[in-house]
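Undergrad: What follows is a structure written as structure tokens; I'll ask about it next.
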Amino acid sequence: MTDPTGFLSTARRSRPRRPVPERVADWHEVHQGQELLPIVGAQAGRCMDCGIPFCHNACPLANLIPEWNTLAYRDDWDTAVERLHATNNFPEFTGRLCPAPCETGCVLAINADPVTIKDVERAIADHAWDAGLVRPLRPGKHTGFSVAVIGSGPAGLAAAQQLTRAGHDVEVLERADRLGGLLRYGIPEFKLEKRHIDRRIRQLRAEGTVFRTGVTVGVDVSADELMERHDAVIVATGAGAWRELPLAGRELAGVRQAMEYLPPANRVQQGDLAASPVSARGKDVVIVGGGDTAADCLGTVVRQGAASVVQLDIRPRPGTRRADDEPWPVHPRVLSTSAAYEEGRVLSRRPGAPDVRVFSAATLRFEGDDTGHVTALRIADADPGTRRPAPGTERVLPAQLVLLALGFTGPDTSDGLLAQLGLRLAPDGSFARGDDYAALTTDDAPAPSGPGEDGTGTREGGAGSSRGGAGAPAGATAPSTDGAGAAAYGTAPPEGPATPPASGTGAPGSGPGPAEDATAERRTAGRPAVYVAGDAGRGQSLIVWAIAEGRSAAAAVHRRLTGEPDLPAPVRPCDRPMAA
């Protein structure tokens, strides 16, 4: 174990953030550079190596947290890298974006400050890249089976990497011009610099995964064509259908969805645009919504130079500690102290109240001028129980830009994929599926009812959104930079090696396998199976759930194609976070 008295002798120390004036002047990540490993190791030494590690259970990836905490404490960072990657394909993503339910599940959190698990994870992941320990893991042999993955968010990428390493030929199709899904255009640069995505993509390409961008399955490529080319299809398109606020004045110019605002801001950072067509500069801004997307909008608004900002949350103000009805080890709703709210204080328009957030606020209608542009928002206090407007509390907030950050209702079904694959929608709006991640089609029995969201109220894994559901701003397009695109589908050479090289570096599936010349004999009978992974089937969730589902769906596909149950499957479709 780590230091037996570390949790008593060492105080919790979180990774420091850069000063607010410095970081709001650029788009770099808000935290300071790589923290000294001895400092991180001392924090890892607070881990008690519990007999029943609730941190392990709180993470859907089943990350081996006590193991790599011990290794970090002992300064064995290279082995810690191996143990971290044993369960998580992309720890540099989760170490930056996950809200860390593992920390609220830490036994220390019962009556003290938990271990800085997220900071330790990020330090190990960054060390892996800095030390050149992240290398392609090429399969030793190839099965001859071919799998298509629709969507390149964390669920799709995780599934693709697992299947490629198991020896399958994997093709990832992404409708946006760059890979990464919501990670690429929905998550701001100051939370996840896109170089982290790019270098992972390079690793996947080197392993043999093929990528095609600018391809919308259902429009540019028919589902039938895709099914003819592959033995299995994984739908990992994310939950890109945003929730609306159908109030009077919604049609006014200047009232925009968050996913109409964040993508062009990200494209500016990618060099596609000189300036965003939807900018907050010099404007009074109101953000409607209280989740992670709203916080991302807030950080972006501050950096664009807004005149003022208010964020509205219909829910009551939470406490700074877990409520009695959210006992340990469940992930509680507590007042967020994220970097965006620290930055937003400089733009608060409420004297004596530096927090830009207004809780228990119900939006009544949007008001505009004669030109059809929004000028104000009329709001009222919301009853904590019913959320109905309280009489006599109406007031007006000036606004020339209103951003709706209300979450997502399910996958985007506008591309024809639903009908062409014969998919069905579950009661929560996600794609219906069975216990093995196989999609339920219109020919199957009725879809089971049940919750489609994980109940956390956060959206990082909406990061499971994967086809660039964020998309380009209206009327804007960008050239395909990562693949052959729709026009060349099936004709031009794809991105990545045509035949994945074999190096026998310990990847799953590197043991004995069937010869490639037996492909035709081993193709599955009938129509190829279709699977659903990530937010497309789970609903809006966290990035750790998206990666866990991608790994589990890959295991289900591999098992069906080869009969071998040798890929890890950390979660089932019905699994949900611990709840009181």
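The values are calculated or read from the model by the stated rules, or taken from the named source; none is laboratory data. This one's a predicted model, so the numbers in the text were calculated from it and none came from an experiment. Counting neighbours? That spans all protein chains shown, and the Cβs are built from the backbone with ideal geometry, glycine included. The protein model used for the area step is the full one, side chains on, heavy atoms only, and it has no ligands, DNA or RNA in it. Shrake-Rupley method; radii C 1.70, N 1.55, O 1.52, S 1.80 Å.
Undergrad: If you place +1 on the Cβ of every Lys and Arg and -1 on the Cβ of every Asp and Glu, how big does the dipole about the Cα centre of region 1-150 come out, in debye to the nearest 20?
TA: My answer is approximately 280 debye.
Undergrad: Also, I was wondering about something else. If the cut-off is 16 Å between C-alpha atoms, which aspartates and glutamates fall inside it for Lys141, apart from same-chain ones fewer than 8 positions away?
TA: Asp169, Glu207, Glu516, Asp517, Glu564, Asp566
Undergrad: Roughly how many Å² is the accessible area per residue of region 13-105, as a whole number, for a 1.4 Å probe? Don't jump to the answer; show the numbers that get you there.
TA: Values: 3590 Å² over 93 residues.
With all protein chains present, region 13-105 gives 39 Å² per residue.
Undergrad: log10 I(q)/I(0), Debye, Cα-only region 352-401, no solvent, q = 0.31, 0.32 Å⁻¹?
TA: Evaluating at q = 0.31, 0.32 Å⁻¹ gives log10 I(q)/I(0) of -1.11, -1.13.
Undergrad: Just from the alpha-carbon atoms, what are the Rg and Dmax of region 127-222 in angstroms?
TA: Rg then Dmax for region 127-222, in Å: 13.9, 44.
Undergrad: Another question about this same structure. With 5 Å bins from zero, work out the P(r) of region 327-433 over every alpha carbon pair and list the percent per bin.
TA: Once binned at 5 Å, the Cα pair distances of region 327-433 give 2, 8, 11, 13, 15, 15, 12, 11, 8, 3, 1, 0.
Undergrad: Bin by bin, in steps of 10 Å, what percent of the Cα pairs in region 163-272 do you find, going until the bin that has the longest distance?
TA: Whole-percent P(r) values from 0 Å outward: 11, 35, 32, 17, 5, 0.
Undergrad: I would also like to ask the following. Cut-off under 27 Å on the C-alpha distance; same-chain residues fewer than 8 positions from Lys283 excluded. Which lysines are left, in chain and number order?
TA: Lys191
Undergrad: Right, next: Run down the aspartates and glutamates and flag those whose C-alpha is under 13 Å from the C-alpha of Lys194, throwing out any fewer than 8 positions away in its chain.
TA: Cross-link targets: Glu29, Glu92.
Undergrad: Can you bin every Cα-Cα distance in region 1-117 into 10 Å intervals starting at zero and give me the percent of pairs per bin, rounded to whole numbers?
TA: 13, 43, 33, 10, 1
Undergrad: Related question: Computed from the mean reciprocal separation of all distinct C-alpha pairs, what Kirkwood hydrodynamic radius does region 76-194 have, in Å?
TA: 16.2
Undergrad: What is the Cα radius of gyration of region 245-318 over 2.2 N^0.38 Å, N being its residue count?
TA: Details: Rg = 12.9 Å, N = 74, 2.2 N^0.38 = 11.3 Å.
Against the empirical 2.2 N^0.38 Å value, I get 1.14 for region 245-318.
Undergrad: Amide H neighbours of Ala529 under 5 Å, at least 5 residues apart or on other chains, H built in the peptide plane: list them.
TA: HN-HN under 5 Å from Ala529: Val233.
Undergrad: So, with a 1.4 angstrom probe, what is the percent of accessible area on region 111-254 that is carbon and sulfur?
TA: For region 111-254, the apolar C and S fraction of the accessible surface comes to 47 percent.
Undergrad: Please express the shape of region 93-154 as an equivalent ellipsoid: the semi-axes are the square roots of 5 times the eigenvalues of the C-alpha gyration tensor, given largest first in whole angstrom.
TA: So the three semi-axes of region 93-154 are 34, 17, 11 Å.
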